[in-house]
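K.L.:
Below is the structure I would like to discuss, written out as structure tokens.
No value in this document is a laboratory result; all are computed from the given coordinates. If you're wondering where the values come from, they're calculated on a predicted model, not measured in any experiment. A quick note on method: Cβ atoms are made from the backbone with ideal geometry, for glycine too, and the neighbour counts reach across all protein chains shown.
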Amino acid sequence: MRYDAVVFDLLTALLDSWTLWNEVAGAPDDGMKWRRRYLEITYECGAYRPYETLVREAARDAGLSERLGEELERRWDELAPWPEAPAILARLEVPLAVATNCSVRLGRRAAQQVGVPFKVVVTAESTGFYKPRPEPYRAVLQALATDPARTLFVAGSASDVPGAMAVGMPVYWHNRIGLPLRDEVVPDFHERTLDRLVDLAHQTG
């Protein structure tokens, strides 16, 4: 096998959180502004502050009501995996894990929505830091007891690409909505779906 484990960003690489944020915001443009501001805040945040607080702050900064954060949490279990995700993950013959930028409580709930068991679920809250700081990536590697070079990270957000590569992990960027590169760092694999993941993970190397 080419890799000993595969680690996923949860809320973008595996789950279609964009649609839920847009629906809660009431319009795609407002949802995009809200979500982009949230990603900026977490990229700059580093040390963990409550995820729910950052979501409310992002709504305010985007000119929306902070109450959208409460509505998002209320509807959290509506998060749905990308169409191909469950079948692709079920075919991967290595341990699967998650490293996600949210609270422990919401991270566990979101992971259940994928419909596939994970050996490890690491959150920003459990490690004390938000990605792309190295601590979450290192925590999941330690929990899996795998070498970074043999552990594929499947990114969803742009900041996960330089974040995971900085600790020595190869990166498959599932760039579903066509986000621009962050810090001009190019991933090992750049795809609009998860479809190539099985073939890549099972190649010998």
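K.L.:
Using amide H atoms built in the peptide plane, which far-off residues or other-chain residues are under 5 Å from Tyr130 H to H?
P.N.:
Result for Tyr130 returns Gly46, Ala47, Tyr48.
K.L.:
Please provide three numbers in whole Å: the alpha-carbon extents of the chain along the principal axes, with the largest listed first.
P.N.:
Ordered largest first, the chain gives principal extents of 50, 32, 32 Å.
K.L.:
Which of the peptides 19-27, 43-51 is most tightly packed, and how do the rest follow, judged by the mean count of other Cβ atoms within 10 Å per residue?
P.N.:
Output ranking for 19-27, 43-51: 19-27, 43-51.
K.L.:
Work out, step by step, the length gained on full extension between Glu44 and Glu84: first 0.36 nm times the residue separation, then minus their alpha carbon distance; give nm to one decimal.
P.N.:
This chain segment gains 11.2 nm when fully extended.
K.L.:
Contour minus end-to-end for Met1 and Val104, with contour as 0.36 nm per residue of separation and end-to-end as the Cα-Cα distance?
P.N.:
Length gained between Met1 and Val104: 34.0 nm.
K.L.:
Something else now. Convert 20 °C to kelvin, take the viscosity as 1.002 mPa s, use the Kirkwood radius over C-alpha pairs of region 85-205 as Rh, and evaluate the Stokes-Einstein diffusion coefficient in µm²/s, rounded to a whole number.
P.N.:
Here the translational diffusion coefficient equals 146 µm²/s.
K.L.:
What is the sum of charges, Lys and Arg at +1 and Asp and Glu at -1, for the other residues whose Cβ falls under 11 Å from the Cβ of Ser65?
P.N.:
Taking every other residue near Ser65 into account, the sum is -1.
K.L.:
Can you compute the modelled spin-label distance between Asp147 and Glu23, with each label point 7 Å from Cα toward Cβ, in nm?
P.N.:
A separation of 4.4 nm, rounded to one decimal place.
K.L.:
Write down the Kirkwood hydrodynamic radius of region 28-148, to one decimal in angstroms, obtained as one divided by the mean of 1/r over all alpha carbon pairs.
P.N.:
So the Kirkwood estimate lands at 15.4 Å.
K.L.:
Counting only residues 5 or more places away or on other chains, whose amide H sits under 5 Å from the amide H of Ala5 once H atoms are built in the peptide plane?
P.N.:
Amide H neighbours of Ala5, under 5 Å, 5+ apart: Leu152.
K.L.:
Could you check what % of the DSSP bridge pairs in the chain are antiparallel, to the nearest 5?
P.N.:
If I count the DSSP bridges inside the chain, around 10 percent turn out antiparallel.
K.L.:
Further question on the same structure: I need the per residue convex hull volume for region 17-77, using only the alpha carbons, in cubic angstrom as a whole number.
P.N.:
It is 72 Å³ per residue.
K.L.:
Shifting gears a bit: Using +1 on the beta carbon of Lys and Arg, -1 on that of Asp and Glu, and nothing else charged, what's the dipole of region 17-77 about the Cα centre, debye to 20?
P.N.:
Roughly 80 debye, rounded to the nearest 20.
K.L.:
Report the extension gain between Arg75 and Leu181 in nm, rounded to one decimal, defined as 0.36 nm multiplied by the number of residues separating them, less their alpha carbon distance.
P.N.:
Value of the extension gain: 35.2 nm.
K.L.:
For region 180-185, what does the Karplus curve 6.51 cos²θ - 1.76 cosθ + 1.60, with θ = phi - 60°, yield as ³J(HN,Hα) per residue in whole Hz, taken in order and with x for Gly and Pro?
P.N.:
x, 4, 9, 6, 6, 8
K.L.:
Given H placed on each backbone N at 1.01 Å, which residues far from His190 in sequence or on other chains put an amide H within less than 5 Å of it?
P.N.:
Here the answer is Trp173, since their amide H atoms fall under 5 Å of that of His190.
K.L.:
I would also like to ask the following. Using θ = phi - 60° and the Karplus relation 6.51 cos²θ - 1.76 cosθ + 1.60, list the HN-Hα couplings for region 155-168 in order, rounded to whole Hz, with x at every Gly or Pro.
P.N.:
8, x, 8, 5, 5, 5, 5, x, x, 6, 5, 5, 9, x
K.L.:
Something else about it: Highest mean first, what order results for 90-98, 164-172 on Cβ atoms within 10 Å?
P.N.:
164-172, 90-98
K.L.:
Short version: ³J(HN,Hα) in whole Hz for each residue of region 123-130, in order, from phi by Karplus 6.51 cos²θ - 1.76 cosθ + 1.60 (θ = phi - 60°), x for Gly and Pro, what are they?
P.N.:
Here the 3J(HN,Hα) series is 10, 4, 5, 5, 9, x, 8, 8 Hz.
K.L.:
Which value in nm describes the separation of the simple spin-label points at Arg192 and Asp61, placed 7 Å from the Cα toward the beta carbon?
P.N.:
Going by the 7 Å Cα→Cβ label model, 3.0 nm.
K.L.:
If you don't mind, there's one more thing I want to ask. How far is helix 28-45 tilted off the main Cα axis of the chain, in degrees rounded to 10, range 0 to 90?
P.N.:
It is inclined by approximately 70 degrees.
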